[in-house]
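The values are calculated or read from the model by the stated rules, or taken from the named source; none is laboratory data. A quick note: this is a predicted structure, and the numbers were derived from the prediction, not measured. All Cβ positions, glycine included, derive from the backbone under ideal geometry; neighbour counts span all protein chains shown.
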Amino acid sequence: MYKKLLLYPSKDLPITKNICTTFYITDYITLAWDKRKLNFNPNWKDFWNVTQYPGKRGLQKDAVSALSIALMADNVPAGKVSAALSSPQGVKRAFRKLTQLRPYIVWWTTPKDATLLLKNNHVLMSSASALNIQHNTSLKNMPPLQIQTNYILENNLSWGIPINIKPSKKQQMLENYSIKSLKKTNILDIRGKSIIKEDVIFLQQTQSTLENQFDQWLFLTNTSHNNNENRQNPLD
């Protein structure tokens, strides 16, 4: 096991030659779909509309991501989502909206999972990593996936390489992570778009509480869903 692994940014450790190599890139969680199945650009309200657009929906199994999307689907402007999730009323509103969609949600935990859900026709639409979607669209046997460039969530990614890794191994790790291609990727034209910026202070103050509430909600809704597999559309 590696004893030294530093994630960027860090205010506690100085940048010296003796610390780990770190990398940082901005991704976005956005709405993605197969253009062969939807011939328009859906938004989060459409994502919730399982009556007009029947089918499963993919969502990241993450409290902040799922609850933020739920609020945008409930007409909360992107710029006010963080403030809403900082209040008990806003959190309650987000969970209420998320509960409406619960029977149709397929959870994903890695960007690759979301892309595979769309590729394998397990969902009609999904939240997804814009970076991963764009990186995979050029691959063989991939469907024509499209991403929404409005009402998206900034997702800053960082990872580190331990200081005791040999240079040759380090290069292999970089290639495995496709660093070169990621750096050259122009993910989205986001000028003038509605983006939920990643707020470090907000995450430090609320993420742990939201994750605990989210875990409790998952347990309760999983129990309810298992007991009511044949329930009708909750949006009716």
Checked against (1) crowded, with 18+ Cβ neighbours inside 10 Å; (2) within 18 Å of the chain's Cα centre (by Cα), K61 satisfies every condition except (1)
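Filter region 125-158 down to residues that are hydroxyl-bearing (S, T, Y) and surrounded by 14 or more Cβ atoms within 10 Å (Cβ to Cβ) and give me whichever is farthest from V81 (Cα to Cα). Full working, then the answer.
So the first thing to find is which residues in region 125-158 are hydroxyl-bearing (S, T, Y), and the list is 126-127, 129, 137-138, 149, 151, 158.
Pick out the ones that are also surrounded by 14 or more Cβ atoms within 10 Å (Cβ to Cβ) and you get 126-127, 129, 137, 149, 151.
Numbers: S126: 20, S127: 17, S129: 19, T137: 30, T149: 17, Y151: 11 Å.
My answer is T137.
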For region 68-82 the number of residues that are at pLDDT 95 or above, surrounded by fewer than 24 Cβ atoms within 10 Å (Cβ to Cβ) and assigned to a helix (DSSP H, G or I) is 1
If you go through D34, D27, the only one that is among the acidic types (D, E) and modelled with pLDDT of 95 or more is D34
Counting only residues in region 129-160 that are in a helix (DSSP H, G or I) and more than 13 Å from K112 (Cβ to Cβ), the one nearest to the chain's Cα centre (by Cα) is identified as A130
Result of the Cβ filter at 6 Å on region 17-43, keeping first residues that are more than 20 Å from Y53 (Cβ to Cβ) and of a type in the set (S, T, N, Q) and partners that are modelled with pLDDT under 95 and part of a strand (DSSP E or B), at least 6 apart or interchain, is T21/I161; T22/G160; T26/N156
Quick count over region 23-48, residues being assigned to a strand (DSSP E or B), under 22 Å from I105 (Cβ atoms) and polar (S, T, N, Q), is 1
